[in-house]
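Here the structure comes first, spelled out in structure tokens, and everything after it is commentary.
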Amino acid sequence: MTISDRVRVKNINVLSDRHYRLNEVEFEYRRGSGEWQTMKREVFDRGHAAALLAYRVASRTVVLTRQFRLPTYLAGYDELMIEAAAGMLDDASPEERIRAEAEEEIGYRLGEVRKIFEAFMSPGSVTEKLHFFVAEYEAAMRIGDGGGLVEEGEDIEVLELPIDQALAMISDGRIVDAKTIMLLQYAALNIFK
């Protein structure tokens, strides 16, 4: 039996279709007992995205960004978010998109980018799947200041930090972004051993 044998979508009601889509989905789910249960859930469909940790083994550094995020501010977080470079796929492949985001956000044209895994970040309500990448950078790869695209409302500060400092920033609460925490922990376990 596949999961498709246990789900019957009955109705999808579009609640909002502006920048992203918010649907109310009515469905039946066959429980482990074999009984069918009817439920409704709101599902936020924003597409898929990619995230990248740029690192340099020789200097034991990583490149992160710092920027304003309205949702975290509205949730009571009164700081700029420190994050790995990331962006929505927008009909590009994950590798194409993350290369473009690296140039736009952190100012590096990277050589090899390596995909390390994929993850659903909030599977209870959001359809987004995030593709995670790492790439080594060198000073010669710097093609600009980064900072993001003004037309997209981006006002990004580029941070080059020692890996040990970045990891300490998770512990002391200065880094609270899940994708960044995952990438930094991956780097600690697999790159900066």
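Here are some notes:
- Search result, residues across segment 60-108 that are surrounded by 13 or more Cβ atoms within 10 Å (Cβ to Cβ) and assigned to a loop (DSSP other than H, G, I, E, B): ARG60, PHE68, ARG69, TYR77, GLU79, LEU80, ALA84, LEU89, ALA92, GLY107
- Pairs, first farther than 21 Å from PHE68 by Cβ in segment 83-94, second among the acidic types (Asp, Glu), C-beta under 9 Å, six or more apart: LEU89/GLU96; PRO94/GLU118
- Restricting GLU152, GLU157 to those that are closer than 23 Å to ASP45 by Cα and out of contact with any Pro (no Cβ under 8 Å at 6 or more places or on another chain) reduces the list to GLU152.
- Count - residues of segment 1-28 that are touching a Phe, Trp or Tyr at 6+ places or on another chain (Cβ under 7 Å), open to solvent by less than 70 Å² (accessible area, probe 1.4 Å) and assigned to a strand (DSSP E or B): 3
- Qualifying residue in segment 134-149 (condition: assigned to a helix (DSSP H, G or I), open to solvent by 90 Å² or more (accessible area, probe 1.4 Å) and among the acidic types (Asp, Glu)): no
- Subset of segment 109-120 (residues that are open to solvent by less than 30 Å² (accessible area, probe 1.4 Å) and not in a loop (DSSP other than H, G, I, E, B)): ALA119
- Qualifying residue in segment 160-179 (condition: more than 24 Å from ARG109 (Cβ to Cβ), part of a strand (DSSP E or B) and open to solvent by less than 70 Å² (accessible area, probe 1.4 Å)): no
The values are calculated or read from the model by the stated rules, or taken from the named source; none is laboratory data. Nothing here was measured: the structure is a model prediction, and the numbers come from that model. Here the Cβ is made from the backbone with ideal geometry for all residues, glycine too, and neighbour counts use every protein chain on show. Note: accessible area is taken over every heavy atom of the protein model, side chains too, but ligands, DNA and RNA are not part of it. Shrake-Rupley method; radii C 1.70, N 1.55, O 1.52, S 1.80 Å.
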